[in-house]
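For reference, the structure is listed below as structure tokens.
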Amino acid sequence: MRKTNLLLKYRSGNLLTNDERPSSSVTADSVRVYLNEHPDFLNSYVQQNIHPNTIEQWISRKPTKVSSTRPSVATTAPLITSQSNSVSTSPITHTNDKRKISSDSSKQISLTTAKSMNTLVELSDKRRLLHELTDEVNQNVSKAQILYELNKSIATTVSADGFNLYLVDETDTNLRLFSAENDDELAACFIPIRIAPGHCLAGYVAWSKETIRISDIAHLDMDKYPDGLYVKDDKVTAVMAHPIISATGVVEFYRVDNLLPFSVEDEELYHSMTRERRLNDFLLAVTKSIFQELVSMDAVMLKIMSYAKKLVNADRASLFMVDSRTRELYARIFDIGREEHDVSHSSIVAQKDIPGQKRSVSDDRDCIRFPMDKGIAGYVATTGKTLNIVDAYSDNRFNRDIDQKTGYKTKTLLCMPIMIQGNVIGVVQMVNKKNGHFTKSDEESFETFAVYCGLALHHASLYDRIRRSEQKCKVALEVLSYHASCSDEEYERFKTCTIPSTIPDLELFEFSPWSVTNDMKPIYVLYMFLDLASMDQVNANRFDRECLMRFVLTVRKNYRNVPYHNWSHAFSVAHAIYTVIKLTKHHYTPNECIALFVACLCHDLDHRGKTNAYMVKSASTLASIYSTSTMERHHFNQTVTILQTETLNIFKHFSSKEYRQMLDEIRHCILSTDLALFFENRPKLERVVDQNQFDWHNRDHLLLVMGLSMTAADLCSSFKHWAVQRSN
């Protein structure tokens, strides 16, 4: 025990004790004697206390390497000569000097320690070897060549001097020996190797599908493989043979003149690298599946969730996308845990299904949204870090509400970011690994998979934009075929009309908008607009009268001749909001007054006389673009289309910031005429007023009032006096 304690203080040939001089009884020679007598201690100490990088530096400084420790791999596969139908084995070459192995204890220690050091270094080099393998595989196309390159890299990792690769022939009853010199899979070997016990090792492994490790080639299992290796070599001392299940073949790794047999660690290394190969095959399938079927964003999300579950053997999966504008996470598709084609049957969750979540009016589909800094998914989205949680209920970031609602018990979680160009664009959350908990290997596999997910989502987003643009172009062409801007002749005719200095009773709610003739309505609109603009001296001179007249005439022309949602209705609604602005004690700014008036004038542009529900159920082109508030979104889009014409842009003298703000307010006002939103907004404002919390300077309160003012103006015609109703 004293020697053990002193050994831990040994540095560079000296034994140091605290505040003492070196002991004369313990020297470097005595330490060597102790290590010779206790090889297990040295082996354990090196593995537990020495970093692999340090070991690798020690090895690199040695002038000569022991071939049994880390031999180089030469081209050892037999050369098949198809013309002579014979098998000739090329000699095995070695680049490292071989050192004669003695039987004394010091050599045994060096072998044991070297093997531990070698294993640690090889584990640290595995990722580098896989990258080299990927580069080599990219230059090859045949399955046999890919397997050959893969096993050549594995041979280096497991310290094999060579390997033999056998592939099942077209009859599925025999093996063929493959060599790098002949990459023709069909002509690789004309001498069949029977797949059955009682012959060579390769035939037995292909038949049994089990891994065989032979420590001494001189002692073979005579019942299973009495012929030993198919390729004879008297110098071979140890063999490890693996079945290649997916490619239906066998690979034999062998060591030459080496007393170290293949170990369990070598077998694990082989399986680790073959798992990496399966991951590459998996990613290739993912790439083909996703990129060949870029139908929509939802389709790509479904694919990603499905493949993510298969990759880490999870029970369920969820995909949250990042809305960078609102700094929220949102999801439309949730896995409901069905077995066959489970994610394709995933549910699209509405707001009412998840408590505490909100549905965004600006989103075109039903979805749940929550802040980016909330929950486990929010943490991953904010930090870009992976979370692997073994017990979900012990993590205070986990939200139990969904489990309580659905009855599903979340146990383990693996939540990882999906990134593109260094930015998090989404978060995938895998739930409940089917066999235990998620491992570091699962994290590494998904990290590679996430790169493909990011590319797929990015391209799907671009595809969605292109598809929506195409649909908008179709609508635009349809609209343009029916509508047009006002003609010069029409403008010239109205230009000569004089705008009255005052119009009696126009401010009153009792005024009948239907008493105004169709030709005079544009003049009245111009009068009301200029009257509102004059409320602010700055605005009074910012509007071009010619542009205003052309704008009003074009808006009139863009209303269809339908029974109700026509130009007369637009004029009535514009007059109603004019009355509200002129007679009520509000705190709207001059620009907000203009936004309300323009929104009322344009709120039903290009209305087809059909409801939103009809447009959706009839699968109209408009509904494919706007699945919620279909017509209202179209009305706003038509308003913007008119304003984008230079001669019709009444806000062309506004600054960029003012112009964007004006369009935002017009958009809010027009969308507020959707009655589905009215039934959401009215109770909100009612609660604020009942609690005496209403504040004109609160932006949310102001938008609620503007929205309800639009609805009131849109529906108030039925509340006119009876005499006005009869004259309508």
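Quick notes on this structure:
- Where helices (runs of 4 or more DSSP H) fall entirely within region 600-676, those with at least 1 residues that are open to solvent by 40 Å² or more (accessible area, probe 1.4 Å) and touching a Phe, Trp or Tyr at 6+ places or on another chain (Cβ under 7 Å) are at 656-671.
Rundown of residues vs (1) in contact with a Ser or Thr (Cβ under 9 Å, 6 or more places away or on another chain); (2) surrounded by 19 or more Cβ atoms within 10 Å (Cβ to Cβ), yes/no style:
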{"site": "Lys474", "(1), (2)": "yes, no"}
{"site": "Phe494", "(1), (2)": "no, no"}
{"site": "Cys497", "(1), (2)": "no, no"}
{"site": "Thr502", "(1), (2)": "no, no"}
{"site": "Leu506", "(1), (2)": "yes, no"}
{"site": "Leu532", "(1), (2)": "no, yes"}
{"site": "Val552", "(1), (2)": "no, yes"}
{"site": "Pro563", "(1), (2)": "no, no"}
{"site": "Asn566", "(1), (2)": "no, no"}
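- Looking only at residues of region 378-398 that are hydroxyl-bearing (Ser, Thr, Tyr) and surrounded by 14 or more Cβ atoms within 10 Å (Cβ to Cβ), we find that the one that is farthest from Asp323 (Cα to Cα) is Thr386.
- Check on Val688, in a helix (DSSP H, G or I), touching a residue at least 40 places away in the same chain (Cβ under 8 Å) and open to solvent by less than 100 Å² (accessible area, probe 1.4 Å): no
- So Phe438, is it assigned to a helix (DSSP H, G or I), aromatic (Phe, Trp, Tyr) and touching a residue at least 60 places away in the same chain (Cβ under 8 Å): no
- Single residue of Val525, Val475 found to be under 30 Å from Arg726 (Cα atoms), touching a helix residue (DSSP H, G or I) at 6+ places or on another chain (Cβ under 7 Å) and among the hydrophobic types (A, V, I, L, M, F, W, C): Val525
- For region 698-720, a residue qualifies if it is in a helix (DSSP H, G or I), farther than 14 Å from Ile666 by Cα, without any contact (Cβ under 8 Å) to a residue 40 or more places away in the chain and not aliphatic (A, V, I, L, M), and the qualifying residues are Arg699, Asp700, His701, Ser718, Phe719.
- Within region 598-610, the set of residues being touching a residue at least 40 places away in the same chain (Cβ under 8 Å) and more than 11 Å from Ser709 (Cβ to Cβ) comprises Val598, Leu601, Cys602, His603, Asp604, Leu605, Asp606, His607, Arg608, Gly609.
- Meets criteria (under 14 Å from the mean Cα position of the chain (by Cα), at pLDDT 65 or above and not in a helix (DSSP H, G or I)) for Leu319: yes
- Selection status of Asp690, of a type in the set (Asp, Glu) and touching a helix residue (DSSP H, G or I) at 6+ places or on another chain (Cβ under 9 Å): no
- Test result for Tyr559, in a loop (DSSP other than H, G, I, E, B), of a type in the set (Ser, Thr, Tyr) and surrounded by 11 or more Cβ atoms within 10 Å (Cβ to Cβ): yes
- The set of residues in region 399-432 being at pLDDT below 85 and either part of a loop (DSSP other than H, G, I, E, B) or buried (at least 24 other Cβ atoms within 10 Å of the Cβ) (or both) consists of Asn399, Arg400, Gly407, Tyr408, Gln421, Gly422.
The values are calculated or read from the model by the stated rules, or taken from the named source; none is laboratory data. In this text, all values refer to a predicted model and were calculated from it rather than measured experimentally. Neighbour counts run over all protein chains shown; Cβ positions are idealised from the backbone, glycine included. Side chains included, ligands, DNA and RNA excluded: accessible areas come from the protein's heavy atoms. Shrake-Rupley method; radii C 1.70, N 1.55, O 1.52, S 1.80 Å.
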